[in-house]
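S.K.: I am attaching a structure below and will ask some questions about it afterwards.
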Amino acid sequence: MDQKTMKAMVYHGPGHYSLDDVPLPRIIEPTDVMGKVTLAAICTSDIHIVHGDVAAVTYPKVMGHEFCVEIVEVGSEVKNWKVGDRCVSRAGANCGECLMCKIGIRGFCN
Ligand SMILES: [Zn+2]
Ligand SMILES: [Zn+2]
C-alpha cells in the first residue's frame, strides 16, 4: 500500500479541532487488529472533549472511538478475526481474562 496518511478529526485544544492528514496506523502488538472505517459516529464524549471538559485528554489527539470497520490486517496472535471480517468497535475494550472481567465488572478491566 502506497498510502502513508489518512484523514482524521484531530483535537487541538478546547474549542479547536480540524480534519487533518495523519500517519496511517500500523500493527504494533501481535494482538492488534487494523481496520478500514466504513461507518463512524460522534459520541457525547467527543463533544465533551472538544469543549475542553475532559482534562485527562491531551492534545493533539485523533478523535473517534465508535465505528464499524472492515479488517485489513491482523497481528500474528489474533485468532478470532481475519482480513475481510466486519466488526463494530465499542467505546470500552475489555480483555475478558483479568480478574475484574472474570467476575463481571468489565468496566474496571485491568
Ligand atoms: Zn463514546
Ligand atoms: Zn479485563
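Each value in this text was obtained by applying a stated rule to the coordinates, not by laboratory testing. Predicted, not measured: the structure shown is a model, and the values here were computed from it. Positions of Cβ are backbone-derived with ideal geometry, glycine not excepted, and every protein chain shown enters the neighbour counts.
S.K.: Could you give the dipole magnitude of the chain about its Cα centre, charging the beta-carbon of Lys and Arg +1 and that of Asp and Glu -1, in debye to the nearest 20?
M.R.: 220
S.K.: Which percent, to the nearest 5, of DSSP beta bridges fully inside the range 5-108 are antiparallel?
M.R.: 100
S.K.: If you take the charge dipole of the range 5-108 about its Cα centre, with +1 on Lys and Arg Cβ and -1 on Asp and Glu Cβ, which of Ile42, Gly84, Gly96 is farthest toward its positive end?
M.R.: Gly96
S.K.: Towards the positive end of the charge dipole of the range 5-108, with charges on Cβ (+1 Lys, Arg; -1 Asp, Glu), say which of His12, Ile105, Gly64 has the farthest Cα.
M.R.: Ile105
S.K.: Using unit Cβ charges (K, R positive; D, E negative) and no other charged atoms, how large, in debye to the nearest 20, is the dipole of the range 57-110 about its Cα centre?
M.R.: 180
S.K.: On a full-extension model of 0.36 nm per residue, what is the gain between Val78 and Lys61, subtracting their alpha-carbon distance, rounded to one decimal in nm?
M.R.: On the way: separation 17, 0.36 × 17 = 6.12 nm, distance 2.68 nm.
In short, 3.4 nm is gained.
S.K.: I would also like to ask the following. What full-extension length gain, to one decimal in nm, is calculated for His12 and Asp32 as 0.36 nm per residue of separation minus the Cα-Cα distance?
M.R.: Extra length available between His12 and Asp32 comes to 4.5 nm.
S.K.: Further, regarding this structure: Between the range 1-47 and the range 51-110, how many Å separate their Cα centres?
M.R.: That distance is 13 Å.
S.K.: List, in the order given, every pair from Lys7/Lys82; Lys4/Lys61; Lys36/Lys61 whose Cα-Cα distance in the structure shown is over 27 Å.
M.R.: With Cα atoms farther than 27 Å apart: none of Lys7/Lys82; Lys4/Lys61; Lys36/Lys61.
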